[in-house]
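Participant: Please read through the structure below; I'll follow up with questions.
The values are calculated or read from the model by the stated rules, or taken from the named source; none is laboratory data. Note that this is a predicted model, so its numbers are computed, not measured. Backbone-built Cβ (ideal geometry, glycine too); neighbour counts: all protein chains shown.
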2 protein chains.
Amino acid sequence: MARLKTTHDVFSAIGEPKRRILIEQLVLKEMSVNELVDIVQWPQPVVSKHLGVLRKVRIVSERRQGRHRLYRVQPDEFRPIQEWMHQFEKYWGSSLDQLDSYLTEIQARGKNEPD
Amino acid sequence: MARLKTTHDVFSAIGEPKRRILIEQLVLKEMSVNELVDIVQWPQPVVSKHLGVLRKVRIVSERRQGRHRLYRVQPDEFRPIQEWMHQFEKYWGSSLDQLDSYLTEIQARGKNEPD
DNA sequence: CAAACATATTCCGATATAGGAATATGTTTG
DNA sequence: CAAACATATTCCTATATCGGAATATGTTTG
């Protein structure tokens, strides 16, 4: 046997630092490939390939608009990670307070935003 | 250039499924290598090697007791992941409620547990 | 100390990438 | 339709693992 694919689930997909950087941008707003290239300053094929991986594991979705392709993050797909991380939360006493106030704030605003 | 090490930070370390399985066991209780081997049924060197990676990125710590080595999870080391995941939490309207009640429950009990 | 035990390490081979370079595909516009 | 534009894909190479097998290291016990 040998290595396993780092491209087949959400956990391994975010193991790659460049992919995390792309996600960090896309979570801010939907963006075209060239917009991303302008920001991160990597060769376009590099960006496209990483987007391909993210797309394969459904972390991002793509929408065509003319000759552009607009990418956006699909936050729901991160839930497996969040759920897996949940097993450690009980050890984070101090951060719970922050999170709690954050939640209160969000919920005061009206729970969820439109799609 | 080529692949980058999947063994140098927390994100890539948990990208490997077997390592997640080990973590899931160790979070339950401190355990020796052979205890883990008994549970997961992989060859001992495989277990040891994955533990080595987890140890290198500080996700687990090791403590010697006689000829045994007892491993345990270091939950604090997962905080970078949790913090990174935080950027998506606002999209999880429905799960916020669960989490909120979870927090309320925890806090009612007395906020933090001893180390 | 020798044997048994617990675990780590080394050496090995197979393979899945990551990135570079070049090119292909698809779209708009003149 | 040709040229320009936007993006994906293919081909290539180097390399970092993953797991297997064998062995080394360290500890306890008789």
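Participant: If you take the residues in region A:56-69 that are under 16 Å from A:M31 (Cα atoms) and surrounded by 17 or more Cβ atoms within 10 Å (Cβ to Cβ), which one is farthest from DNA strand D (Cβ to nearest atom)?
Facilitator: Once the filter is applied, the top-ranked residue is A:I59.
Participant: Select the helices (runs of 4 or more DSSP H) contained entirely in region A:1-109, then report the ones holding at least 2 residues which are at pLDDT 95 or above and more than 9 Å from DNA strand C (Cβ to nearest atom).
Facilitator: Qualifying helices (runs of 4 or more DSSP H): A:10-13, A:17-26, A:33-40, A:44-56, A:79-85.
Participant: Given B:H8, B:H50, which one is surrounded by 15 or more Cβ atoms within 10 Å (Cβ to Cβ), within 14 Å of another protein chain (Cβ to nearest Cβ), within 11 Å of DNA strand D (Cβ to nearest atom) and not aromatic (F, W, Y)?
Facilitator: Checking each option against the conditions leaves just B:H50.
Participant: Regarding B:R64, is this residue at positive phi and out of contact with any Lys or Arg (no Cβ under 6 Å at 6 or more places or on another chain)?
Facilitator: no
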